[in-house]
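A short reminder: the numbers here are calculations on the coordinates, not readings from a lab. None of the values given here were measured: they were computed from a predicted structure. Glycine gets a Cβ as well: all are built from the backbone with ideal geometry, and neighbour counts include every protein chain shown.
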Amino acid sequence: MDSPDVAERISQHMLFKELVTRRAKVVRLLMSVGLIANFLLIALVAFFPQILRMPVEPGEATTIGVVLAVGIIVLGWAITWIYVYMANGTFDRLSAVLLNEVAR
């Protein structure tokens, strides 16, 4: 099998188009969630710093800003986990089916 021929057949296959579309949707959604969360935290820092200085409970040392910053880090881990889960599951399965069909 000629390599350019295989690449052409893969790029024209319906499963490849579905794979690219699904992956793009997932990436856009996860990226949007991450960007919105980060920009909201930056907006809070810029416009409402007094909220971030407030303690979580009266008399406690932990502030709302610390909790939100840790939340952003946890959100980043969650976004990464979701993408890896999808890539290792759905996307890899579709890729395997696509390669099997093109190899015929």
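Just one residue in the set ALA69, ALA61, ALA78 is outside any helix (DSSP H, G or I), among the aliphatic types (A, V, I, L, M) and without any contact (Cβ under 8 Å) to a residue 40 or more places away in the chain; that residue is ALA61. Annotation: SER11 fulfils all but one of (1) more than 23 Å from ASN100 (Cβ to Cβ); (2) small (Gly, Ala, Ser); (3) part of a helix (DSSP H, G or I); the unmet one is (1).
Being touching a residue at least 60 places away in the same chain (Cβ under 8 Å) and of a type in the set (A, V, I, L, M, F, W, C) holds for only one residue in PHE39, PHE16, PHE48, and it is PHE16.
Within region 33-53, how many residues turn out to be within 13 Å of GLY71 (Cβ to Cβ) and surrounded by 13 or more Cβ atoms within 10 Å (Cβ to Cβ)? Counting residues in region 33-53 that are within 13 Å of GLY71 (Cβ to Cβ) and surrounded by 13 or more Cβ atoms within 10 Å (Cβ to Cβ) gives 7. What do you reckon, is THR21 of a type in the set (Ser, Thr, Tyr), surrounded by 13 or more Cβ atoms within 10 Å (Cβ to Cβ) and in a helix (DSSP H, G or I)? For THR21, the condition - of a type in the set (Ser, Thr, Tyr), surrounded by 13 or more Cβ atoms within 10 Å (Cβ to Cβ) and in a helix (DSSP H, G or I) - is not met.
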